[in-house]
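The values are calculated or read from the model by the stated rules, or taken from the named source; none is laboratory data. Please read all numbers here as calculations on a predicted model, not as lab measurements. Cβ sites come from the backbone with ideal geometry, for glycine too, and all protein chains shown count toward neighbours. Heavy atoms of the whole protein, side chains included, go into the accessibility calculation; ligands, DNA and RNA do not. Shrake-Rupley method; radii C 1.70, N 1.55, O 1.52, S 1.80 Å.
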Amino acid sequence: MNGFRLILAVVAILLAHPALADELRPGYLEMRQTSPGTYDLRFKIPARGEDLRLAIYVKLPEGTQDTGLPRASFGDGAYVERRTIRRDGGLAGQAVSIKGLSATATDVLVRVESLEGAIQTERLSPTKTSFVVQAVPGSGEVAATYLRLGVEHILFGFDHLLFVLALVILVRDWRRVAITVTAFTIAHSITLAAATLGFVKVPGPPVEATIALSIMLVAVEILNARRGEPSLSARLPWLVAFSFGLLHGFGFAGALAEVGLPHHAIPIALLFFNLGVEFGQLAFVAVVLVAGSLLRTAATTGLKPALIRQAAIRFDIVAAYAIGAVAAFWLIERTFAFFSI
């Protein structure tokens, strides 16, 4: 019954999620230079209902003017504002900020494309509400930015983390965990690079739905393994991790496509984004393994080995049901979203 209650609690939290979604979804600011002093600006932020927007606004440098009337629209849960702006001397070296961002719980991804094709990316947050437009970001700045974006993406990519958590529970032994996670990393690196560089094109919605399905399948494999029904996943977890890692790489590519790659430093940006994903992933696995070890030690102190094994099996079964319930919710949600497009 305790496991059933846990599953109900997880589902209840997920069902309540839309109430928090407006604050948690990131905004997106794109400024594309079209002439020495002119930019096309697109500002996309979460909508609150059909005709209300999150109260955050772009604050441009003094002397910036609109060359025409701004255009705004609501759709797909977002408010989108489009403007054409002009400033003598351009925006290089000038500060751009998001007014009202400090009073929210959301972030804003920023992409600035210069006339020469150089791309600057930033991530603004309630504690960092402004940035300075750079003429051409240096290699070190590109590396640092994309490394940070990779770490943040994996740590806030709850579906990818849930998949890794399921793999850790399935495998248990830290040596096999290392091999399994390495196989997952190699696989998603391949498809991330292929999709980002345009060699392969896969539509996003089906990928997101299939990622949820992959989590469900690993949850089922945990149950089979703990019930004494060994399968291919239990025997060769690295093979399963590699196969599904190819799929998850397309998901990473979709996130990277949101901010784009700087034309003058594509290899650096791609490499460090992938390294950021890997660092975040390894940090998560380390925390899970350490926390699991501490919990097992605290919960089984004084118990006989047979009881310890039984307790571990029960925990894995409860965890598998909880992970499967979350993944099933995502699968249904993403499938309906795909067919409603």
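Screening VAL133, VAL181 for residues that are under 30 Å from ILE222 (Cα atoms), at pLDDT 85 or above and of a type outside the set (D, E, K, R) leaves exactly one candidate, VAL181. Within the range 120-160, being farther than 16 Å from VAL58 by Cα and of a type in the set (D, E, K, R) holds for GLU141, ARG148, GLU152, ASP159. Only one entry of LEU275, LEU197, LEU232, LEU223 meets the criterion of being over 22 Å from the mean Cα position of the chain (by Cα), touching a residue at least 12 places away in the same chain (Cβ under 8 Å) and surrounded by fewer than 18 Cβ atoms within 10 Å (Cβ to Cβ), and that entry is LEU223.
Listed conditions (1) farther than 19 Å from SER214 by Cα; (2) in contact (Cβ under 8 Å) with a residue 24 or more places away in the chain are all met by ASP173, apart from (2). From the list LEU155, LEU213, LEU162, the one residue that fits, being surrounded by fewer than 19 Cβ atoms within 10 Å (Cβ to Cβ), within 16 Å of the chain's Cα centre (by Cα) and part of a helix (DSSP H, G or I), is LEU155. Summed over the range 165-200, the residues that are in a loop (DSSP other than H, G, I, E, B) and among the aliphatic types (A, V, I, L, M) give a count of 2.
Whether a residue is open to solvent by 70 Å² or more (accessible area, probe 1.4 Å) and modelled with pLDDT of 85 or more was assessed, and GLU333 passes this test.
Tell me, which residue of the range 105-143 that is among the hydroxyl-bearing types (Ser, Thr, Tyr), in a loop (DSSP other than H, G, I, E, B) and open to solvent by 10 Å² or more (accessible area, probe 1.4 Å) is farthest from VAL259 (Cα to Cα)? Here the answer is THR127.
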